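Input: a single structure, listed below in structure tokens.
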Amino acid sequence: MKIVVGHLYPDYLNIYADRGNIAVLARRASWRGHELEVRTVSVGAPVEPGEHDLLYVGGGQDREQALVAEDLVAKADGVRAAVDSGAALLAVCGGYQLMGRSYRDFHGGDLPGIGVFPLETVAGETRMIGDMLLECELEPGVARTLAGFENHAGRTKLDPGAEPLGRVVAGFGNDGESGFEGCRVGRAVGTYLHGPLLPRNPWFADWVLAQALAHRLGEPPVFEPLADDLEQQAHTVSASRARSRGGRR
Amino acid sequence: MPLPLAAEIALARTAGRLSRLAGAGGGTTVPGKLLWRVDPGAVDRLAARLPLGSAVISATNGKTTTAAMAAEILRQRIHLAHNSSGANLVSGVASTLLDARGAELGLFEVDEAALPEVAARVRPRAVCLGNLFRDQLDRYGELEHVAARWRSAVRELPAEAALVLNGDDPQVGELARDRAGAVVFGVDDPSVARPSLQHAADSKYCVRCGTPYEYAAAYVGHLGEYSCPNCGHARPALSVVARDVRMQGLDGVAFRLQTPDGARDVRLRVPGLYNVYNALAAASLAGALGASLDEVTAGLERFSAAFGRFERIAVGDRGLLMLLIKNPAGANEAVRTIVDGGAPSLAVIALNDAIADGRDVSWIWDVDFEPLLPHLGRLVAAGDRAAELALRFKYAGMDGDAIEVIPSLERALDRGLELTPPGDELIVLPTYTAMLALRKIVAERGFVRPYWERAA
């Protein structure tokens, strides 16, 4: 089956190896007999209703983030409609911030967000940099870990009752205080975790793929496992880095 | 009360010798760190004693090679204090000053982030700025922040200081605007341009108005002949130019060097267009320091390799070719160079994640390793993050059975050599601390002298 990905602003928001996440989705889809078609959606192009099974938006430096923020507001209705109609969304770092309601930079300037996630972000004086380990329970009773790297000045506050992506085992997470990281709304997930995120967290790559297929099938399919020895090895090293030297709250 | 400078120097030098005797590596920065801690101002006073003053070189990529090329040009006539083993923070500069008795001119490569402080302390008579690429975001922060620090460092320079700039880098070339008399270098040969901007190109958007640049020619990353279709910001006029560039595989590269003093044909014994940029930077800087065009040409042609950057080491009946990789733009050029020289069927790539390598290893996913894949029959993935590197190649489409994950550098090196037929050369691409460790391993086996014993 063809899975259509709308990659938002790959020419502006690509700083933390976002193409690694796309490469992992493409390979793992093809190993299951599916085809991932990635369509660039950059400045000036609309998000057409129903076109995408998955929207992906990565991270950028402050300058690039400011360059796209205004354009994203023009796409807001399209992105929200896609998510409301069951498309999956993965937003990393800067993209995660822009998918919230607003981002206030360190100089007090406001970048508008588009409110896919119920959160607001305010830049702090120091950056939160380091390896991070999360524990997630995306399906009730199934706890799994995500390992990666975070590097952000933004302190992200979730609205009361909003669902985080996971609990911080080691590192800073959303704001360095709450003990939580990321945000999930149905099939939409935002996170500060890069590294990139998906190569060393193959279960999560498959979860994202399954959510994208659910947009087509109504239900997420159950995949046959793949030989993920290398991925597990990379995960183990990354997780141990987070435990030994991740950011301390 | 601070100790007298002479006493501080004696103390710091003793510490360096003790560190070396204790086998704790080269001890190259130990004396400087100590001196800096005892009295930060001592660096300023040591630099002020140099009769011909100091020159400072910074860039994300190529600063070690540029400084080594400039040293090769200048050292025939001038006794240099040069931090040739890449200790490029304030402490490294301090150590070099301590070590260089009788030096006339300081020649310092300086870490991008350390440039403002080093420039403020040594009060250079010439500053050479090569390029800015994204590099170790966990350590340096965003490119814009480094560029802003450079802008203020340049504003603070003494009025009489010479400024040498790479005009092909939009962020660096822009510095020429506020400083009359800056020497601006660049490449002018569309025949060696890339068909399009690479994935890892950084300064793609106009430094003034944010519109994407149009490139008449893109040479290395975002270095090239750019202009903004909106506001007209464009590459400044070049005064030192490379034309008629002829790549010669791994053996070298030749070009026509054009300067205000005339033109010469130059043949470098190191390969790649990035080394043409390094040569232009070194030629411009040496010219600003008074070297003649003949001295420049001869020095560039004598130059063979800088520490671990493109280093050929004979290991018994096999060869080792080591090319440092440390960020996407630099690694892309290393890949391009070895592919131009005949794509290898075997490579050892070593990824560490110490502070000096960058703790965040995501940058390997922004490197265009793909040109290696069609010929690469086997990859030995090494270093502390060997598995992550293996994933980079697995998801690029390499067969998992063709990838060996051997985190131990020594075992990975032995495995690579074992797979290399006698008489052949093994390609090794290490990150910074992996490069240091691998050099130490081959040094302990007697194939290369430790770097702290090499002539400066």
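Where a number appears in this text, it was derived from the coordinates with a stated rule and is not lab data. These numbers were taken from a predicted model, which means no experiment stands behind them. Note: ideal-geometry Cβ built from the backbone for every residue, glycine included; neighbour counts use all protein chains shown.
Annotations
- Taking chain B and dividing mean pair separation by its residue count, relative contact order in percent (alpha carbons under 8 Å, at least six apart): 13
- Choice from A:ASP229, A:ASP105, A:ASP62 showing the highest fluctuation, given a GNM over chain A with Cα pairs closer than 10 Å: A:ASP229
- Among the cysteines of chain B, B:CYS128 have no other cysteine beta carbon within less than 4.7 Å of their own.
- Within region B:292-327, backbone nitrogen closer than 12 Å to the virtual label 7 Å beyond the Cα of B:LEU52 toward Cβ: B:292
- Measuring gaps between exposed loop sites in chain B (GluC sites (Glu not before Pro); DSSP loop; at most 14 other Cβ atoms within 10 Å), the longest gap, sites not included, is B:161-456.
- Considering helices alone, the calculated mean residue ellipticity of chain B at 222 nm is -10500 deg cm²/dmol, with DSSP H runs of length four and up weighted by -39500 (n - 2.57) and normalised per residue.
- What the Cβ-Cβ distance of A:THR236 and A:GLU48 gives, at R0 = 56 Å and to the nearest 0.05, is a FRET efficiency of 0.85.
- Of the GluC sites (Glu not before Pro) found in region A:1-57, those that fall in a DSSP loop while having at most 15 other beta-carbon atoms within 10 Å are A:GLU51.
- Label zone at A:ARG167, where the point sits 7 Å out along the Cα-to-Cβ direction: region A:198-216 residues whose backbone N lies under 11 Å: none
- Counting 0.36 nm for each residue step from B:GLU370 to B:GLN248 and taking away their Cα separation leaves a gain of 41.7 nm.
- Counting 0.36 nm for each residue step from B:ARG302 to B:ARG208 and taking away their Cα separation leaves a gain of 29.8 nm.
- With R₀ set to 45 Å, the beta-carbon distance separating B:GLN76 from B:ALA443 gives a calculated FRET efficiency near 0.95.
- Cβ-derived FRET efficiency at R0 41 Å, A:ALA81 paired with B:ARG411, nearest 0.05: 0.15
- Whole-Hz couplings from phi, Karplus 6.51/-1.76/1.60, listed for region A:86-91; x for Gly and Pro: x, 6, 7, 9, 10, 10
- Charges were assigned to the Cβ only: +1 to each Lys and Arg, -1 to each Asp and Glu. The resulting dipole of the protein assembly as shown about its Cα centre is roughly 2020 debye.
- Whole-Hz couplings from phi, Karplus 6.51/-1.76/1.60, listed for region B:156-170; x for Gly and Pro: 7, 5, x, 4, 8, 5, 7, 10, 10, 10, 7, x, 6, 9, x
- The distance linking region A:119-183 with region B:279-345 is 44 Å (Cα centroid to Cα centroid, whole angstrom).
- Taking a quarter of the surface of the Cα convex hull of region B:133-210 gives a mean projected area of 6.6 nm².
- Chain A: most fluctuating residue of A:GLY50, A:GLY59, A:GLY94 per GNM, C-alpha cutoff 10 Å: A:GLY50
- Region B:319-392: proportion of alpha-carbon pairs further apart than 17 angstrom, %: 41
- For region A:52-60, putting each phi into the Karplus relation 6.51 cos²θ - 1.76 cosθ + 1.60 with θ = phi - 60° gives couplings of 10, 8, 8, 10, 10, 9, x, x, x Hz, in residue order, rounded to whole numbers and with x for Gly and Pro.
- Average Cα contact separation per residue, chain A, under 8 Å, 6 or more apart, as relative contact order %: 20
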